[in-house]
Amino acid sequence: DSGVTQTPKHLITATGQRVTLRCSPRSGDLSVYWYQQSLDQGLQFLIHYYNGEERAKGNILERFSAQQFPDLHSELNLSSLELGDSALYFCASSPRGGTGGYEQFFGPGTRLTVL
Amino acid sequence: AQSVTQLDSHVSVSEGTPVLLRCNYSSSYSPSLFWYVQHPNKGLQLLLKYTSAATLVKGINGFEAEFKKSETSFHLTKPSAHMSDAAEYFCVVSDQVGGSSASKIIFGSGTRLSIRP
């Protein structure tokens, strides 16, 4: 158990809908990262937040957004969902702001299925 | 530009034989390199990391990796495979974005390791 929690575990929704994925980092970790894992694209870095502020953006679509709250939990919002958004979404946390040299602790993931 | 290439999508070895999972990278700066393992239906777990200290890095479960700058490689090895090693392995490169404190993270496409009894 990494100490990172993600809810829900599974989410099934329809095209065009909007969903919110939630992540609680390990106690004391200030950074939260979001990743998308799909069969065709592999594991893609989406976005990184540190202590409430956006730090780095990866391959995140404009239909997706994220935020980190004062209690350090984070939410990933996915809107106007398409079939291709079906994937496993991981959240990870680490103690510091940069990623260089710091281990990331991964949550168990949220499996999103768009029908 | 940053990139990471895992040279084999699937590796199959017999239990008790050595494991070699290959990873090549490119980076504009001094990178940090990681290997993560993902067991079926689980999140990723760090095996080991290189951050410009010793070039031979020892990780958990008997795995180790050697950073070779001249070859831009960071191959993962284990002397003797165990059935529990069957999983997906990801090589990851991370370095600074320009002059900022933010970092960019790139995952390799993964190598599925199968262990034959």
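Condition check ((1) over 20 Å from A:Ser38 (Cα atoms); (2) open to solvent by 40 Å² or more (accessible area, probe 1.4 Å); (3) at pLDDT 95 or above) across all residues:
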{"site": "A:Gly52", "(1), (2), (3)": "yes, no, no"}
{"site": "A:Ala56", "(1), (2), (3)": "yes, no, no"}
{"site": "A:Leu76", "(1), (2), (3)": "no, no, yes"}
{"site": "A:Ser79", "(1), (2), (3)": "no, no, yes"}
{"site": "A:Leu83", "(1), (2), (3)": "no, yes, yes"}
{"site": "A:Pro95", "(1), (2), (3)": "yes, yes, no"}
{"site": "A:Gly100", "(1), (2), (3)": "yes, no, no"}
- Task: Keeping to the stretch A:50-98, report how many residues are in contact with a Pro (Cβ under 9 Å, 6 or more places away or on another chain), assigned to a strand (DSSP E or B) and aliphatic (A, V, I, L, M).
- Result: 1
- Message: When you scan the stretch A:31-49, do you find a residue that is part of a loop (DSSP other than H, G, I, E, B), at pLDDT 90 or above and of a type in the set (Val, Ile, Thr), even just one?
- Response: no
- Note on the structure: Exactly one of A:Asp40, A:Asp29, A:Asp1 is among the acidic types (Asp, Glu) and open to solvent by less than 30 Å² (accessible area, probe 1.4 Å), and that one is A:Asp29
- Determine, yes or no, whether B:Ala86 is out of contact with any strand residue (DSSP E or B) (no Cβ under 8 Å at 6 or more places or on another chain) and not aromatic (Phe, Trp, Tyr). no
- Kindly provide the set of residues from the stretch B:49-87 that are of a type in the set (Phe, Trp, Tyr) and at pLDDT below 95, ordered by number. B:Tyr50, B:Phe67
- Task: Give just the number: which of (1) within 15 Å of A:Gly42 (Cα to Cα); (2) loosely packed, with under 14 Cβ neighbours inside 10 Å does B:Ala53 not satisfy?
- Result: (1)
- Message: I'm trying to understand the selection: among the residues of the stretch B:37-48, which are at pLDDT below 90 and either touching a Phe, Trp or Tyr at 6+ places or on another chain (Cβ under 8 Å) or within 10 Å of chain A (Cβ to nearest Cβ) (or both)?
- Response: B:Asn41, B:Lys42, B:Gly43
- Task: Tell me which residues, restricted to the stretch A:3-23, are among the polar types (S, T, N, Q) and more than 15 Å from the chain's Cα centre (by Cα).
- Result: A:Thr13, A:Thr15, A:Gln17
- Query: When you scan the stretch B:1-42, how many residues do you find that are open to solvent by 20 Å² or more (accessible area, probe 1.4 Å), part of a loop (DSSP other than H, G, I, E, B) and not aliphatic (A, V, I, L, M)?
  - Reply: 16
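The values are calculated or read from the model by the stated rules, or taken from the named source; none is laboratory data. Quick caveat, the model's predicted, so the values are computed rather than measured. Ideal geometry is used to build each Cβ from the backbone, glycine not excepted, and the neighbour counts take in all protein chains shown. Accessible surface is based on the protein model in full, side chains and every heavy atom, while ligands, DNA and RNA are left aside. Shrake-Rupley method; radii C 1.70, N 1.55, O 1.52, S 1.80 Å.
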